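Beneath this line is the structure, given in structure tokens, with notes to follow.
Read-outs throughout are calculated quantities, based only on the coordinates presented, and are distinct from any laboratory measurement. Note that the coordinates shown come from a computational prediction; the quantities given were computed from them, not determined experimentally. Here the Cβ positions follow ideal geometry from the backbone for every residue, glycine too, while neighbour counts run over all protein chains shown.
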Amino acid sequence: MTNSSSILTKKIKNNSSSTKITESTESTESAESTESTKSTGSTGIKTITSTSSSISTQKKNGIKKERKCFYYDNDKDSPILAAGILFLKEEDNKLMVLVQKVTEKNGIQTYSDFGGKIDMDDKTLIDTIARELGEELNNGMYMIKRGHNIILDKDQLKKIIQDNLEKSIYQSIAKYFIAFVKFPNDLYLDMKKIGDFEKLDKINRTVEWINFEQFIKEYFDHNIHPRLWGKKVLDFFGYKGNNVVS
């Protein structure tokens, strides 16, 4: 297992050029402007830029339902059906990852990022990520301004993601897009408001920081959500091991 000490700091130092998420306007057609990922330099760090989306009609249990998707790097063979975020920070010289631990109906607990399916109203990938983040944290992220706690709305969350993006990857099997984002020093979690229960989807879960070693342990114990499985995620954390499924 690789040493995770100062891994985030090293990534930041090695990638001094800022990474941004570039917004774009939405088309009125079924193919719309939104974001994708584009390499910036030899380090593999990504920035989310313009791409396309489409709306399809799916039939489930005899009921037709529209489903929106984005395309990774404008590739129609690489649809993005959902997106999420993993926040990262350093604490006591260790890399920490913000996760939610979801308790399934069968009692099994699964560690996951914050994310979900693309909604029809999401104009961009960052809309999806910011909306899901707010929903799954019960809108419990805030900043302190002039001595007051300011609960962040979706637009403010989008800016935080834009300004602190470390890397983004596409999980082809899960058709899932993940943004790795540095947790700003002036951002706070209202743990009382976040609680142990997600109100919108009525899910029992806890929100907690876990260190890199625990993340890797839970990964190989199969306690990490399947959408986070694969070599790309482990590569980001600098893990060097065998028998990793791509």
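Calculate the FRET efficiency for Asn149 and Leu200 from the Cβ-Cβ distance with a Förster distance of 22 Å, rounded to the nearest 0.05.
For R0 = 22 Å, the calculated efficiency reads 0.55.
Going down the table (Lys167/Lys192; Lys89/Lys154; Lys105/Lys199; Lys89/Lys193; Lys65/Lys175), which pairs top 24 Å between alpha carbons?
In this structure, Lys167/Lys192 lie more than 24 Å apart at Cα.
Roughly how many Å is it from the Cα centre of region 59-118 to that of region 217-233, as a whole number?
Each part's Cα centre sits 13 Å from the other's.
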